Every structure is written in structure tokens, then in C-alpha cells.
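What follows draws every value from the coordinates through simple rules; no lab data is involved. Remember, it's a predicted structure, so these values are computed and weren't measured experimentally. Counting neighbours? That spans all protein chains shown, and the Cβs are built from the backbone with ideal geometry, glycine included.
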């Protein structure tokens, strides 16, 4: 073979020519210098770009809007315009991204002349192809996507809140991957990142049938987050009796199904009989499958699927075997427990993304709120509905003798049922707290749990004994309280302190705690804020994540909505003066929780 027939030139993109002028492009293998003896027709292949036999999407290298499989460029037409000669390849966005999401990519603003000017300081997050993606056309699909910030600003992808930069990196990580573990520390928004990526992939036509599996207490939270971050996507929850669930599994054209782990195991036959093949299966709290031989692990591994994602803040809880078993769902046989740690680390590097709060502290506010809307357990739900129906009837029958104290008594009774079922002790909140504490303890962090009832704190303590819970409330003698705080601070086995609002809201410094749980809500946000500020103080170790627990569809949601409306109104009027002293519920609002009118108003009518 002649050297003139096999040059070492790579593929060149000539951006200055119109497509019509590029009638033929010759591909040559990079690096060969004519030392191989092969027929010319094998070594050099001519492509006629005007032939109808080519089934690829053309890339028009002009100033017109480029046609890219996936998203349109509503405000980013100049992204493929002529690079300015004064900019380096890295600045002009032509270089290969250096991480999961390229930082610092430059683009000409819409309507600008294209002249060199001060580069924008705002980060541009680009999607980087996975390292195991070898086809040029596949890599181009991801490389040619516009920056995520451009999509977020477009009408096609509107966000209710602007994501943090590290969350954009997480979306860019998930988008191109068939197998992935998003292992961010609790409170960094794994739910939001996965929902947004699912939304983008649905819009791009890459996904049509998604199954999301999570613990039962989290189903409502996932539905709520989908309505917030992807309101146009229909979401179906697998629930109801056997016949209803079988019908839901067999439905066609349902983009997103949400199932809990327990029902998934029960409905295994329905899934396979329906002939469903999921484009993507997402496991939330994926540490549930760390036991390879458990029924849960075997069930999820048998799901027919294309992509597989796992969300967990603790990919390794006890040993590296936990991670290997999660990968049995993602890519069976990819890892073995007898592999050296360095080999496992190298093999999983492109498939796992983990950030901790201290690493992304500059991206985060000092205090983040997470509203956990949880479904009551069946026993709790039965007790709650019976107590509410009976209580409201009794209040209505009291007529003019009804007082605010009577209403308070019903509210308190219902709130206590939302914490624990009086007959069985079942608790949706305890289930969620236990799952979160697994992650917190595994990372060596500490948490505070607040409740208005000492009895509730005592019920929490025994099931969470493995986390070394300490108690700090009115029943603890004053002379012992300082030693409780000291032991909690210094003992690495003590990950949890249980506090009443009254005892823990004033005078304590617990800035070494990064997590605060409000197991039940106080009447006044000012009291809650005082309690939260035990951890969120000057000198705190990092951002504080506040989880406000409430039972969905109950009195707790109604109280929360009223208090948040009052807080928002106050903030609009007095943004710089802090939380008001009196923002609790008024008499009208308390009666309004059950649509009751105050007796004197009835009398006046």
C-alpha cells in the first residue's frame, strides 16, 4: 500500500463550508503510515453525503439552527458558530470535556456579534460521553447537546428553582449512562437530579417506559417531586388490590410507574406476564439489595430492562460486598468480591458519582429544608380516619358549647396517631427516620430529632438503639443534662440525640450536628427555628439539612400549609427582620382545620 494512499490525517470538520460543497468526505485511519498491506478499498472508504443510503442525521455546519437528535437549541444557535481566533480551543468549547460535566465552556450570547469579549463567569455544564462509548456517532450525540444551563433557561425545560451547580453535574453524569450509581450524601437532591434526567431523556425520545422502585414511605414524596420538577410527565403509582395492580402493570403508554419494594416482590408474576420491558429501572435506597440472596435483590435483578440506575447515600455500609451486590443489578458479573480494591475502584470510577456536603459547600445554602410527606401505614390510616370522623361529628354536635380547647384535643389526638398507631405502634415516620439514620451513621455524622412529646421520643429510642440514641428532655434531671450533651458530642458511637422542643430550643450549642429531624411540627415556626438553630450556628461543621416530617393527607399537612403561608407573608413584608414572635395559628385558623365556625359567629348569624 502506498503511503500517499493512507495518510495519517484524522477526520476534519471544515466549519467554513456549506454542506452542499461537501459532496464527499474521505475517512482515513489515524496513525497508520502505509506499513500495512491491505487492499485499497478496505483501507479507504468513501462516503457520499448526498446518497439516500446514508441513514444519519446531517450536521449542517452553517449559522442556521443545527439539527441534533434530542433537543432543539431555542436560545443557543450561536453555539456552533465560527470560533473566535483569539480564543483557545478550550475557551471556544471545541475541546473535549475534562470531567463528567465540563466547566467553563464559552458560548456567544444570543444576538451578540460574536466579537471577542470578557468570557462569561457563569458555569456551563456539558454532558460528557461515558468512557466505554466508542462509536463516533454515539459520542457526538452527547458532545453536541447544548449546556444544561441553556436547556434550563428554555421554555422546553423550565425549573421551579434554579438547580445548584453540583446538581447540574449530577444530571450530566446520569444522562448518558446505561448503568450508574448516584451516591450523593443525604440532603443533596438525588431525587431532583434523577427526575430531571428522566425528564430530559423522555423529551429526547430515549425513554418511554420507566419503573422507579422505592421504600413504601417514600412513594408519596416521589410523586410530589415529579409534580414539582416534571409536571408534564404522567406518573402512575402501583397500588390497590391484586386486580388493580395487574391492570396497571399491563397498561401501555404509561411513561413512569412507581412501585414499593414489597409490592414489587408480590407482583413479580404480573410484571413478567404483562410482557413489559422497561427502558429504565431506578432503585431508590438501593442498599436494600446489598444482600445478594434476598428475595428483594433477586426480584429486581429479574426485571427486564435497558438502563439501570441506583440511588443510595451508602453504597458501602459494611463491606465492599455491598457495592458488588448493587452492581449485580446494574451489570451482572461485572464485579467480584475477590477482586482487589484498586481494581474495583478503577472499574467503577466511571459509573459512580458521590458528593458530600463539605465538598459542595460553596454551592449550598447554610440551611436546607426537606419536607417529607409520608403515607400512613395501613394501621395508622385506619386509626386516623376513625378518630377524625368520630371527632368531627362530636365537635359539630357540641353547638354553642364548643370551645377551642375541644378542637385542640382532637388536633393533638390526630397528631399523635400520625407519629405512632396507638394499637400496633406502627409508624411511617419511624420507618423513614430509621432509613435516614442508616446513612447518617454510616458516614459518621450526627443528628437531632425533635418532638413535642416525651412519649414519642421514648418510642423512637428502642427501635433505633443501634445508633446510640441519647435523650434530652424535661424528664432528664438538670444535673445530668450537661453530661448527656458531652457524651453525645465525644462518643463516636452516639449518632442520635432525641430532644423535646421545650428542653432543646434554648441555650444549647450542637453545631457538630449536620442533620435535624422535626418528627412532628410545633404550632409556631419561631419555636421550630430556635430548635433548628441549635445545630445551625456560627462554627457549624457544614450545611444543616432539616427534614420536616408530616403524614400526607392529614391534619399535619393542613397545619403546615397555614404556617408556611403566614411565614411567606411575613417574609414578603419584613424580609430583613427575622421570624416574628407570633406566627402560630389563630383561633379562626384552628377551627378552620376542620371547617368549623366559631360558636359566637354562629350566634351572631
#### Entry: Three-way shape label, segment 159-362, alpha-carbon gyration tensor, a/c 1.5
oblate
### Task
Counting other beta carbons within 10 Å of each Cβ, put 473, 406 in order, fewest first.
406, 473
### Query
Under the classification rounded if a/c is under 1.5, otherwise prolate if a/b is larger than b/c and oblate if not, where does segment 439-554 fall, given a ≥ b ≥ c as square roots of the Cα gyration tensor eigenvalues?
rounded
### Virtual spin-label span in nm between residue 138 and residue 589, 7 Å along Cα→Cβ
5.6 nm
### Task
Determine, for 564, 400, the number of other Cβ atoms within 10 Å of each Cβ, and report the residues in order from fewest to most.
400, 564
### Per-pair calculated FRET efficiency, R0 = 60 Å: residue 397 and residue 321 via Cβ, rounded to 0.05
0.45
### Task
Any chance you could list the semi-axes, whole Å, largest first, of the equivalent ellipsoid that the Cα gyration tensor gives for segment 367-592, using √(5λ)?
30, 22, 16
### Inter-part distance where segment 372-417 and segment 171-222 are each reduced to a Cα centre, Å
37 Å
### Query
So, by mean Cβ neighbours within 10 angstrom, what's the order for 475-488, 313-326 with the highest one leading?
313-326, 475-488
### Message
Taking 0.36 nm per residue of sequence separation and subtracting the Cα-Cα distance, how much length would be gained by fully extending the chain between residue 409 and residue 369, in nm to one decimal?
### Response
11.5 nm
### Least to most buried among 236, 312, 220 (fewest other Cβ within 10 Å first)
236, 220, 312
